Amino acid sequence: MFRPEEGSLSQKLVNKQFFEFAPTTILSKGDIKFYYGLHQFYQNNRLYVNSRNDLQLIGNLDEVSDCKPLDQVPDTNLTYAPCGFVANSMFNDTFQLLYHGAQGGSEEVPFTTRTMIPDLVKKRKFRNPKPVENETLCDAFVNTVRPPWWQKDICRLGANIPGVGVGFENVDFMIWMQTAALPNFRKLYRILDRDRSHGNTCVFVDYPATWKGAEKSFIITRESWIGPRKDFLVIAYIAVGVFLLLVSILFVVIHIRQRMLERRSES
């Protein structure tokens, strides 16, 4: 189900592959971010979150020791790339924003992936294997196969979408691999590249939300100064911050009082 949160429009997903929303007024000036959300998806399950190998994600394709049972194809030498439960369950719905002009017709509104992933994360945690001279990226992934739930090989992930990166360096893949701490979460999909006052959102649905109590949502939002909406974490961070501040002030007061008593005793 698409939940009407912060400007998204409600729409049920019932055996369909394409949806188009009516124009929404939230697409005005400002930093507009697009998220997908999952409800009752436990990325924090211990067996799930440990089913990955970070060495493989920086180009060492044979490093699959932590990914069982999704480490390699039985009775073969072919390894899964990427391996493990986390990668296998990657979210694969796609979204497109169309602008309908006053004279009819429509054009696609460009998204951007800039600033979605810090450069340090890209350099240290996600790197494709380097092809040798005159070889393609798919040649570098030789003796590997895609995860069972995937519809395309890792070397072709993002190849037909400009600006999102390919393979292990694909933005959608990198964001998915940063597992959520809570079972109800949202992940950043894209950022609006230029201001629009009207737009229709087209959703191409592939991801199966078939487990019990499962829902998926598409959210269009403008973030506030405290970041995206996640009340529990915001309240927890503020409460802890205030507590630490009060403790610090208490220690400063005790320190100053102690110094004053020492000076009085010396005099």
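The values are calculated or read from the model by the stated rules, or taken from the named source; none is laboratory data. Given the structure is predicted, the values throughout are model-derived calculations rather than measurements. Heads up, the Cβs are rebuilt from the backbone with ideal geometry, glycines too, and the neighbour counts pull from every protein chain shown.
The test for being assigned by the TED database to the domain that holds residue 69, touching a Phe, Trp or Tyr at 6+ places or on another chain (Cβ under 9 Å), modelled with pLDDT under 95 and not aromatic (Phe, Trp, Tyr) does not hold for residue 222. Considering the range 158-168, and only residues there that are modelled with pLDDT of 95 or more and among the hydrophobic types (A, V, I, L, M, F, W, C), the residue that is farthest from residue 83 (Cα to Cα) turns out to be 166.
Return a yes/no flag: does the range 143-156 have any residue that is of a type in the set (A, V, I, L, M) and modelled with pLDDT under 95. Full working, then the answer.
Restricting attention to the range 143-156, the residues satisfying the condition of being of a type in the set (A, V, I, L, M) are 145, 154.
If we keep only those that are modelled with pLDDT under 95 too, we end up with none.
Within the range 143-156, not a single residue is of a type in the set (A, V, I, L, M) and modelled with pLDDT under 95.
Go through the range 3-62 and give me each residue that's aliphatic (A, V, I, L, M), farther than 21 Å from residue 109 by Cα and at pLDDT below 85.
13, 14
Looking at (1) of a type in the set (D, E, K, R); (2) crowded, with 17+ Cβ neighbours inside 10 Å; (3) under 19 Å from the mean Cα position of the chain (by Cα), which is the only condition residue 146 fails? In the conditions (1) of a type in the set (D, E, K, R); (2) crowded, with 17+ Cβ neighbours inside 10 Å; (3) under 19 Å from the mean Cα position of the chain (by Cα), residue 146 misses (3) alone. Among the candidates 69, 74, 110, which residue alone is of a type outside the set (A, V, I, L, M), within 27 Å of residue 36 (Cβ to Cβ) and either in contact (Cβ under 8 Å) with a residue 60 or more places away in the chain or in the same structural domain as residue 219 (by the TED database) (or both)? Checking each option against the conditions leaves just 110. The residues of the range 176-192 that are under 8 Å from the mean Cα position of the chain (by Cα), closer than 18 Å to residue 221 by Cβ and among the aromatic types (Phe, Trp, Tyr) amount to a single one, 189. Here residue 142 fulfils each of the conditions (1) closer than 19 Å to residue 119 by Cβ; (2) outside any helix (DSSP H, G or I); (3) of a type outside the set (Asp, Glu) apart from (1).
For the range 91-116, filtered to residues that are exposed (fewer than 13 other Cβ atoms within 10 Å of the Cβ) and among the charged types (D, E, K, R), the residue that is modelled with the highest pLDDT is 114.
Are any of the residues in the range 169-178 at pLDDT 90 or above, surrounded by fewer than 16 Cβ atoms within 10 Å (Cβ to Cβ) and either among the aliphatic types (A, V, I, L, M) or more than 20 Å from residue 32 (Cβ to Cβ) (or both)? It would help to see each step written out before you state the result.
As a first pass, look at the range 169-178 and keep what is at pLDDT 90 or above: 169-178.
If we keep only those that are surrounded by fewer than 16 Cβ atoms within 10 Å (Cβ to Cβ) as well, we get 178.
Then keep just the ones that are either among the aliphatic types (A, V, I, L, M) or more than 20 Å from residue 32 (Cβ to Cβ) (or both); that gives 178.
Among the residues of the range 169-178, at least one is at pLDDT 90 or above, surrounded by fewer than 16 Cβ atoms within 10 Å (Cβ to Cβ) and either among the aliphatic types (A, V, I, L, M) or more than 20 Å from residue 32 (Cβ to Cβ) (or both), which makes the answer yes.
Residues that are surrounded by 18 or more Cβ atoms within 10 Å (Cβ to Cβ) and within 23 Å of the chain's Cα centre (by Cα) were ranked within the range 117-139; the one that is nearest to residue 216 (Cα to Cα) is 117.
For the range 193-215, the criterion of being touching a Leu at 6+ places or on another chain (Cβ under 7 Å) and either acidic (Asp, Glu) or at pLDDT 90 or above (or both) is met by no residue.
Listed by first and then second residue, the pairs with beta-carbon distance under 6 Å, at least 6 apart or on different chains, first residue in the range 38-54 and within 14 Å of residue 64 (Cα to Cα), second in a helix (DSSP H, G or I) and charged (D, E, K, R), form an empty list. When the range 145-165 is limited to residues that are in a helix (DSSP H, G or I) and free of Cβ contacts under 8 Å to residues at least 60 places away in the same chain, the one that is nearest to residue 68 (Cα to Cα) turns out to be 155.
Somewhere in the range 77-87, is a residue modelled with pLDDT under 80 and not hydrophobic (A, V, I, L, M, F, W, C)? Give the derivation first.
Narrowing the range 77-87 to residues modelled with pLDDT under 80: none.
Checked the range 77-87: no residue is modelled with pLDDT under 80 and not hydrophobic (A, V, I, L, M, F, W, C).
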